[in-house]
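The block underneath contains the structure these notes are about, expressed in structure tokens.
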Amino acid sequence: MTLTPTPDRAPLLREMTAALSAMPDPTACGHLRSFEDEAAHALGTGHAVAVSSGTAALHAALSACGIGPGDEVLVPALTVIMTVAPVRALGAMPVFVDSDPATLDLDYEDAAQKVTPRTRAIIPVHLWGRMGDPGTLAAFASERGLTIVEDAAQAIGTIRNGRPAGTVGTVGCFSMKDGKILWSGEGGALITDSGQIAEHARAFRSHWQPAPPGEAPLSRLATNSRLAAPLAALALANLRHLPALLERRRAQTRYLLNALERIPGLTALAPAADEEWNGFSPLLHIGLSRPRAFAEHLAQQGVPNSTGSFRLVPCDTRPPFPRPQQPCRGTAEILDHTLAVVLAEGDTQATLDHYTDVITRAASTWTP
Ligand SMILES: Cc1ncc(COP(=O)(O)O)c(C=O)c1O
């Protein structure tokens with residue numbers, strides 16, 4: 001089994017040089033406009049709005065959906081704190097929902113119990129590129145009148161039951177930070193079919209200037225979360241190669257999971273039967289004793305992974321939030337037992353062979 005070749009960097013340099021040659025020009029936004037038009041087309045939605053990060057995309061999206069003080073927003077505890085920060089920034093309250101260890105999808109029984117008259121929205125998070133069942137999500141939200149804002153930061157390219165990540169809800173949010181499949185160094189984008197939401201997001205990312213039709217510029221407090229021109233140029237060049245970037249990540253993940261197929265104590269977590277997974281992060285269930293310590297050990301040995309390197313813990317237990325009376329136990333079980341290897345576009349066959357060697361050695365010598 002071999003990997004697809006490292007994507008050609010020449011188009012990136014070409015677009016970057018074009019962006020630089022137009023700078024400094026505060027009115028120049030050619031790459032940004034092209035990125036937004038081409039992203040909307042490639043992702044099959046009416047509008048795409050580029051911003052400075054995935055966090056900023058969520059912030060603009062939630063603002064555009066009218067989330068504000070006094071509102072409650074359902075968020076899986078199985079996520080990073082960046083999903084939740086924009087909820088708080090808008091004065092709303094995150095309400096953490098557990099996930100099901102058998103599927104990694106939301107625990108809808110738990111979610112149903114946590115809905116109150118103040119609940120306005122739900123943010124499904126497609127962590128590691130895995131999508132929950134879109135039909136169940138849509139039915140849950142519509143029965144309760146909730147807006148769906150998807151955190152698809154890691155999920156570009158995943159399709160479940162025919163629904164691309166980011167298109168199940170009212171708005172889908174992506175990150176383009178380094179390490180993401182579609183990257184621009186830093187950056188983010190939201191997609192939506194609603195022209196009103198897109199206009200709000202464009203105003204929100206730039207201190208309400210230009211304002212949506214019928215509103216005065218600078219008439220509301222907002223943010224500066226514009227995407228800088230050189231980064232828009234990188235985003236555009238990468239977007240034009242998105243199928244190749246996706247194929248490379250999928251090939252890297254297949255390669256590593258294939259090499260680790262027979263390691264005692266480690267079992268690949270297969271995607272759902274109706275899921276075309278983007279392969280964001282090779283996922284394995286750790287059936288060894290002290291699984292979190294095992295992931296931390298691998299991180300120390302140079303195999304980057306979600307729990308070992310980035311100390312991913314259930315978000316409801318993070319210090320900014322009140323200590324949960326009933327912690328999300330399914331989420332803790334998932335995170336404690338999941339090895340999610342962190343990949344980057346530049347990881348070669350040699351990198352992945354090295355990871356295989358380290359993981360194989362560590363698993364075979366791991367003592368209870
Ligand atoms: C699931 C998830 N949500 C949100 C974010 C925030 O994106 P950014 O770092 O671009 O602000 C990230 C970034 O890694 C993420 O993985």
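What follows draws every value from the coordinates through simple rules; no lab data is involved. The structure displayed is predicted, hence computed values, not measured ones. Using ideal geometry, Cβ is built from the backbone for each residue, glycine included, and neighbour counts are taken over all protein chains shown.
For this structure, a couple of remarks:
- Residue order, fewest to most surrounding Cβ atoms within 10 angstrom, among W366, W277: W366, W277
- Here the residues S225, S289, ranked from fewest to most Cβ neighbours within 10 Å of their Cβ, fall in the order S289, S225.
- For the chain, modelled as a GNM whose springs connect Cα atoms under 10 angstrom apart, the maximal fluctuation among L106, L182, L146 occurs at L146.
- Charged neighbours of Q113, selected by a Cβ distance under 15 Å, balance to -4 (K, R count +1; D, E count -1).
- C-alpha center-to-center spacing [the range 112-189, the range 65-86] in angstrom: 12 Å
- Cβ-based exposure ranking for S281, S99, S21, in which fewest neighbours within 10 Å come first: S21, S281, S99
- Computed over the chain, the per-residue total of -39500 (n - 2.57) for DSSP H runs of n ≥ 4 gives a 222 nm mean residue ellipticity of -12000 deg cm²/dmol, rounded to 500.
- Calculated FRET value between T365 and A272, using beta carbons and R₀ = 41 Å, to 0.05: 0.75
- Protection proxy ranking, highest mean first, for peptides 328-339, 211-222: 328-339, 211-222, where packing is the per-residue count of other beta-carbon atoms within 10 Å, averaged.
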